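Right, one structure below, let's go through it.
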Amino acid sequence: MPTLRFARDEDSSGIIALIAACYEEYPPNVLDVDLEEPELRTPATSFEAFWVLEDEAQHIVGCIALATVEPAKRIELKKCYVSHPLRGGGWGRRLIEAVEAWAAEHAIPEVELWSDTRMTLAHKVYAKLGYVPSGRTRDLHDISETTEFHFLKI
């Protein structure tokens with residue numbers, strides 16, 4: 001059974017491998033850490049909070065992070081990924097609950113997130129947990145040609 005803990009910068013290779021595997025499920029998504037996501041090399045120091053799910057063999061099988069959105073009445077849920085074999089077992093919910101608990105502890109009432117339009121399974125999880133589409137989208141102009149939907153939970 002995986003355990004949830006705060007990430008360390010030394011977890012970067014496991015986090016990168018997890019996210020790269022998730023991207024491969026949604027072509028043409030490509031993870032180019034050096035070009036587009038260098039913060040993944042130092043997850044603990046690059047994000048306000050970052051958690052990982054670690055299995056019995058100490059492999060990273062899930063992750064999630066957050067960042068405060070100014071003004072500090074909202075946080076952004078970021079980097080929510082769960083290894084394919086664990087999906088459907090409530091692990092995504094547990095990760096999201098960690099972010100929501102952090103927000104509650106810091107008296108931040110709103111949580112938002114942006115999600116790749118291709119990741120429809122994630123959108124179903126977010127909806128089930130009370131996140132609603134705001135109707136906003138954004139194009140990232142990245143190598144994967146990503147468009148994202150905005151979700152908000154108040």
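The values are calculated or read from the model by the stated rules, or taken from the named source; none is laboratory data. This one's a predicted model, so the numbers in the text were calculated from it and none came from an experiment. Positions of Cβ are backbone-derived with ideal geometry, glycine not excepted, and every protein chain shown enters the neighbour counts.
Worth pointing out:
- In the set ASP116, ASP55, ASP139, only one residue is at pLDDT 95 or above and closer than 19 Å to PHE6 by Cα; that residue is ASP55.
- Here LEU4 meets the list (1) at pLDDT 95 or above; (2) part of a strand (DSSP E or B); (3) in contact with an Asp or Glu (Cβ under 7 Å, 6 or more places away or on another chain); (4) not small (Gly, Ala, Ser) almost entirely, failing just condition (3).
- Of the residues examined, PRO27 is not one that is of a type outside the set (A, V, I, L, M), without any contact (Cβ under 8 Å) to a residue 40 or more places away in the chain, surrounded by fewer than 19 Cβ atoms within 10 Å (Cβ to Cβ) and not in a loop (DSSP other than H, G, I, E, B).
- Matching residues, the stretch 129-154, being under 21 Å from GLY88 (Cβ atoms) and in contact (Cβ under 8 Å) with a residue 24 or more places away in the chain: LEU129, PHE151
- Checked against (1) of a type in the set (A, V, I, L, M); (2) more than 21 Å from GLY62 (Cβ to Cβ); (3) touching a Phe, Trp or Tyr at 6+ places or on another chain (Cβ under 9 Å), ILE143 passes all but a single condition, namely (3).
- Residue within the stretch 36-52 that is within 14 Å of TYR81 (Cα to Cα), touching a Pro at 6+ places or on another chain (Cβ under 6 Å), part of a strand (DSSP E or B) and at pLDDT 95 or above present: yes
- Of all residues making up the stretch 56-90, the number that are part of a strand (DSSP E or B), of a type in the set (Lys, Arg) and more than 15 Å from the chain's Cα centre (by Cα): 1
- Of the listed requirements (1) surrounded by 13 or more Cβ atoms within 10 Å (Cβ to Cβ); (2) out of contact with any Lys or Arg (no Cβ under 9 Å at 6 or more places or on another chain); (3) in contact (Cβ under 8 Å) with a residue 12 or more places away in the chain, ALA20 misses just one: (3).
- Count of the stretch 91-108 residues, restricted to those that are assigned to a loop (DSSP other than H, G, I, E, B) and surrounded by 12 or more Cβ atoms within 10 Å (Cβ to Cβ), is 2.
- Residues within the stretch 117-147 that are buried (at least 17 other Cβ atoms within 10 Å of the Cβ) and in contact with an Asp or Glu (Cβ under 6 Å, 6 or more places away or on another chain), tallied: 1
- The lone exception for GLY88 - which of (1) in contact (Cβ under 8 Å) with a residue 60 or more places away in the chain; (2) over 15 Å from LEU4 (Cα atoms) it fails: (1)
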